[in-house]
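Coordinate-derived values only; no laboratory data. Just so we're clear, the structure is a prediction, and the values are computed from it rather than from any experiment. Neighbour counts are summed over all protein chains in view; Cβ atoms, including those assigned to glycine, are modelled from backbone coordinates with ideal geometry.
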Amino acid sequence: MTPGDVRFLPCGDAAVTVEFGNAIDPAISARVLALDAAMNAERPAGLVETVPTYRSLMVQFDPLVFDYDAFVRGVTQLAPTLDPNPRPGRRWKVPVIYGGEFGIDLEATAERHGLTPTQLIDKHCAPVYRVYMIGFMPGFTYLGGLDPSIATPRRLDPRPHTPAGIISIGGIQALIGGQAMPSGWHILGQTPVRTFMAGREPAFLTAAGDEVVFVPTDASRWAELDRAAEAGEPVAELVAR
Amino acid sequence: MTLLAILAAGPATSLQDSGRFGWQRFGVGPAGAMDRASLGLANALVGNGPGAAAIEFALAGGRLKVEGGAARVALAGADCTLKIDGTAVPLFTSASARDGQTIEVGSARSGVFAYLAVAGGLAVPPTLGSISLHHRTGVGGLGGRSLRAGDRLPLLLAEPSGPERALPGAIQAQSGPIRVVIGPQEDYFTASAIATLVEQEYRISDQADRMGVRLTGPKLEHSAKGYNIVSDGIPTGAIQVPGNGMPLILLADRQTTGGYPKIATVIGADLPRLAQSRPGTKLRFKTVERPEAVRIAKAADQAERELFASIRSAGLASLDSSELLALNLVDGVVDARG
């Protein structure tokens, strides 16, 4: 595939995936999000919703109404013009309690990389991460930008239960968890931030294209922050740009 | 205000409408009725729009008591009895229950999901635009969970008006292979895997629920590309094949994204029939090209409109042969009892 090319992957009669590449890559993600923005600005007849992911945009539509051929022509023309430079997104500061009962894999993961737990925390909270997608379950925030020197293959035995708000790494990806779930990722910490809370305004904090910075926070603040989050406070802080 | 008080319900009884759309970008799956065609029919029988929220029963039935007014209900989907104070209501006919009367839905004799629609609809606040419960994530429904004894559902309508309504004649059961469009990741499979999918027989395993149905049958072999993809969006009906080669069809309560390749996608018109198939059911698949799938969707929609238009006031024996003929072209509308 040359830059500008897209593939249209059929997904039954009511969806199509527009694929820009096969990698976790900021330029690919930027083009996905640019098409996402264009689709939602134009809202062609029959469009139901779009789902941006790392490298593709799934477009769901009502097959009774949607003009698929016109859509393919339009996107094919538009694709080479989509900007591969990530647009500056909102930046969130997310408090994280690392280690101990909050990050049960911190020590083992540090040891695996020949680091002290503090060194691993420093490496984990140094980057400005980029939100590539929210997926799998409500509010699960998939991040790019992990320091490759701490990339860690997923666990061979996924845990059947991990709590809400886990801060974990798997391969070269980093994650802010949403609800409790099974997980094969390595849990370095936990955040009181609810990326999703039905009934709160807004119900979702993070969106694809946002940036995230992790702020190590003392375990003694957990109860206070967790209460605030439960009461509907974002707890994550939006950084003025 | 008229209420429906739940006296007894199976563990997977929940409120479902046509689904929750616009939130998959935040990880919220669509949920919604597993059998949209039957949800639409139950609603049409009580005069509601096709996507209104109804009570979805899964295999087990339940009992409800009307309090504070009267309620008109209709049942469609899996083959279940509907009784009001012990008196059976004829198939595909609405019926009204007065204050204090008990509505009883029997357990499914065949099929899986039955829909009890209530005239005027339910006065339950939507979550993110829909009343549907997504079971695994607790989004929607009544307080984020399934229904249980003691729950009270407020109704939008205090008393039904006008005559009961009924569908004249029977619904023709749909049969034949489940139709799929190949892709989105057919390049992650060998040519023989794609041939196997359409030539061999599969069986619905015991692992079948609102999230999806796991199949057993011949293994589908991945190509040299392997069985991990960079996670992308999952359409409803996607046939995902993890490392063990056994297909899993993802349905209403699916996750929004996933990292296993998807060999094909079941077309919308065949999802109701698939959802109504019990563990042990044998399945065959047939591929259709995308334009053909769209033609099938349009034909199914047309048949559904004609079906709904044929609903008459109950007790009026005035069917002529043209109306009966019109009922025979129900491609896409499903007799869940099949």
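Simple spin-label model, 7 Å along Cα-to-Cβ: B:Ala191 to A:Ala180 in nm?
Label at B:Ala191, label at A:Ala180, 5.1 nm between them.
Where the centre of each part is set by its Cα atoms, how far does the stretch B:180-203 sit from the stretch B:1-47, in angstrom?
32 Å
What FRET efficiency, computed as 1/(1 + (r/R0)^6) with R0 = 41 Å and r the Cβ-Cβ distance, is obtained for B:Glu199 and A:Arg155, rounded to the nearest 0.05?
Approximately 0.60, to the nearest 0.05.
Under the classification rounded if a/c is under 1.5, otherwise prolate if a/b is larger than b/c and oblate if not, where does chain A fall, given a ≥ b ≥ c as square roots of the Cα gyration tensor eigenvalues?
Since a/c reaches 1.5 and a/b is larger than b/c, the shape of chain A is classed as prolate.
Among the lysines, which have Cα under 21 Å from the Cα of B:Lys219 when same-chain residues fewer than 8 positions away are ignored?
B:Lys262, B:Lys282, B:Lys286
Could you name the aspartates and glutamates in cross-link range of B:Lys83, using Cα to Cα under 12 Å and dropping any fewer than eight places away on the same chain?
Cross-link targets: B:Glu104.
Compute the long axis of helix B:36-45 from its Cα atoms, compare it with the longest principal axis of the Cα atoms of chain B, and write down the angle in degrees, 0 to 90, nearest 10.
Compared with the principal axis, the helix lies near 10 degrees.
Per residue of chain B, what 222 nm ellipticity follows from adding -39500 (n - 2.57) for every DSSP H run with n ≥ 4, rounded to the nearest 500?
-4500 deg cm²/dmol
I'd like to know which of B:Ala309, B:Leu147, B:Gly162 lies farthest towards the positive end of the charge dipole of chain B, counting +1 on Cβ of Lys and Arg and -1 on Cβ of Asp and Glu.
In chain B, that residue is B:Leu147.
What FRET efficiency would be calculated for the residue pair A:Lys123, A:Arg43, taking the C-beta separation as r and a Förster radius of 35 Å, to the nearest 0.05?
In this case the efficiency is close to 0.25.
Looking only at A:Ala45, A:Ala108, A:Ala14, which one moves most when chain A is put into a Gaussian network model with springs between Cα atoms under 10 Å?
Looking only at A:Ala45, A:Ala108, A:Ala14, the biggest GNM fluctuation is shown by A:Ala45.
For the stretch A:9-53, list residues with backbone N below 11 Å from a point placed 7 Å from the Cα of A:Val72 toward its Cβ?
A:9-10
If I take R0 = 41 Å and measure r between the Cβ atoms of A:Asn22 and A:Glu224 in this structure, what FRET efficiency does the formula 1/(1 + (r/R0)^6) give, to the nearest 0.05?
It comes out at approximately 0.40.
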